[in-house]
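Novice: I am attaching a structure below and will ask some questions about it afterwards.
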Amino acid sequence: MIMAYQPLEELLPKASMSVYRLVRLASMRATELATTGVKLVPAPADQKLATTALDEIRAGRVVEKGGDIFTDYKEGRIKKHGKS
């Protein structure tokens, strides 16, 4: 298996330049991937969920707005995660 390279210069702007927010966003998305199995970007089956989550963030398919996490699903719906 090849180690995936995740460029921080592309990922940090997606999380308001905060490593903490980036880790939180990727963690929540990886947990969701483990539950649903719905991938928003093409990824090999043996790729780690955290890597897939970071790929989705880099592609702009998973975003954070005001402390909430929004995921763009294939069905075109927007699902809100986080605070109620």
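The values are calculated or read from the model by the stated rules, or taken from the named source; none is laboratory data. This is a predicted model, so every value here is computed, not measured. Cβ coordinates were reconstructed from backbone atoms using ideal geometry, including for glycine residues, and neighbour counts include every protein chain displayed. These area figures cover heavy atoms from the full protein model, side chains too; ligands, DNA and RNA do not enter into them. Shrake-Rupley method; radii C 1.70, N 1.55, O 1.52, S 1.80 Å.
Novice: Inside the range 1-51, can you point out the residues that are of a type in the set (Gly, Ala, Ser) and closer than 14 Å to residue 64 by Cβ?
Specialist: Matches in the range 1-51: 15, 16, 18, 26, 27.
Novice: Please list, ordered by first then second residue, the pairs with beta carbon atoms under 9 Å, 6 or more apart or interchain, first in the range 7-29 and more than 19 Å from residue 49 (Cβ to Cβ), second open to solvent by 10 Å² or more (accessible area, probe 1.4 Å) and not in a helix (DSSP H, G or I).
Specialist: Listed by first residue and then by second, the contacts come to 12/18; 16/64.
Novice: Under 9 Å between Cβ atoms, which residue pairs at least 6 apart in sequence (or on different chains) link something in the range 42-56 that is closer than 11 Å to residue 4 by Cα with a partner that is open to solvent by 60 Å² or more (accessible area, probe 1.4 Å) and among the basic types (Lys, Arg)?
Specialist: Close Cβ pairs (under 9 Å, with a partner that is open to solvent by 60 Å² or more (accessible area, probe 1.4 Å) and among the basic types (Lys, Arg)) amount to 55/61.
Novice: When the residues of the range 29-47 are narrowed to those that are surrounded by 14 or more Cβ atoms within 10 Å (Cβ to Cβ) and over 12 Å from the mean Cα position of the chain (by Cα), which ends up farthest from residue 59 (Cα to Cα)?
Specialist: Step by step, filter the range 29-47, then rank; the result is 47.
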